[in-house]
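All remarks here apply to the structure that follows.
We did not get these values from a lab; they are worked out from the coordinates using the rules stated. Computed from a prediction, not measured in an experiment: that's the story for all the values here. All Cβ positions, even for glycine, are placed from backbone atoms using ideal geometry, and neighbour counts span all protein chains on display.
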């Protein structure tokens, strides 16, 4: 092993062990997390457990759990089980928590029980950014992301899905009935046992069909003709991949274009972004302290009423118009190929001729 950079001996003991603080650089983001959380008044923000109980097992201070939660957010670690593992092996988290290692249930319960307080802490962060003049440029970008819910796709129902399920089950029942008739024509004991099992399967499938038929009126009378059994608010949404829809939520976020900080967010269960532009621009104005903004979004936000609402509020929306015409596919010229001449109140065609 000559001429290679060699590591230290793992079994070598030292008189004075290394300081954990030496492993975290001065410009490491975890130091900003530490300073931010330590400056918060957690009781005023609504966090539970700030004042410890007089009896019982000592609990973790909410500041420690909030630091773990924020670290997971910054490093895209959503799972409480993964956060538990990181507190045991990640030097940044070991430094941030002071070698504390809460279990995943404690981390998950903290996130579940302190939702409003965590949102209040996010608002405090936005206010600090405003005081530091980080939102000097009045330009934000708005986009949406689909987040998968706990609700399985098989527990989400629409009239079309119910009809397809019923047809599939009825086809299975017909298949089992044919197999049972074939088994009944023989005297073999094995085939008789198979026939009995098939009868049980058919009875179970008929119960499923009846449950689906009983569910049909509720699905059709729902506001959007959709029901999710596990997460009632979750909805079936299309994603970019073909045939890869999910049952989840559409999370809208407005980000400042200079420092890429999220200034406003909103969770919706609408699968498209067309109705979100004016609402997100209004929230971004309030969060950044600007009276007017320039709002950038992709073509999925193009909606005439939303653009007018932004303009009436004083904001400038920059949204590309989607090309919905099929003229190009048919080999014809589209509207964009004809240029309007306001002085002549006429159009110039692709051949250079003027048309009234």
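By how many nm would the segment from residue 355 to residue 148 lengthen if fully extended, with 0.36 nm per residue of separation less the alpha-carbon distance?
69.3 nm
Label residue 345 and residue 203 with points 7 Å out from Cα along Cα→Cβ: what is the distance between them in nm?
8.2 nm
To the nearest 0.05, how large is the calculated FRET efficiency for residue 9 and residue 101 if R₀ is 35 Å and r is the Cβ-Cβ distance?
So the FRET efficiency works out to roughly 0.85.
Once you have a ≥ b ≥ c as the square roots of the Cα gyration tensor eigenvalues for the chain, tell me rounded if a/c is under 1.5, and otherwise prolate or oblate according to whether a/b is larger than b/c.
oblate
Please check: in the Gaussian network model of the chain (C-alpha springs, under 10 Å), which one of 24, 142, 126 has the largest mean-square fluctuation.
24
Could you tell me the calculated FRET efficiency between residue 174 and residue 270, based on Cβ-Cβ distance and R0 = 41 angstrom, to the nearest 0.05?
Rounded to the nearest 0.05, the efficiency is 0.55.
Say we join alpha carbon atoms closer than 10 Å with springs in a Gaussian network model of the chain; which of 122, 19, 285 then has the biggest fluctuation?
19
Restricting to DSSP H runs of at least four residues, report the calculated mean residue ellipticity at 222 nm for the chain, -39500 (n - 2.57) per run over all residues, nearest 500 deg cm²/dmol.
Taking each H run of at least 4 residues, the total per residue is -13500 deg cm²/dmol.
Roughly how many nanometres apart are two label points built 7 Å out from the Cα toward the Cβ at residue 112 and residue 258?
4.2 nm
Between the stretch 120-163 and the stretch 314-356, what's the alpha-carbon centroid distance in Å?
The distance from the Cα centre of the stretch 120-163 to that of the stretch 314-356 comes to 35 Å.
Rounded to the nearest 0.05, what FRET efficiency do residue 325 and residue 224 give with R0 = 22 Å and r taken as the Cβ-Cβ distance? Could you check?
0.15
Distance in nm between label sites at residue 82 and residue 239, each 7 Å beyond Cα in the beta-carbon direction?
Label-label distance for residue 82 and residue 239, simple model: 1.5 nm.
Given an 8 Å cut-off on Cα distances and at least 6 residues of separation, report the relative contact order of the chain as a percent.
Answer for the chain is 13 percent.
Of 331, 304, 248, which has the largest mean-square fluctuation in a 10 Å C-alpha GNM of the chain?
Sorting by GNM fluctuation, first place goes to 331.
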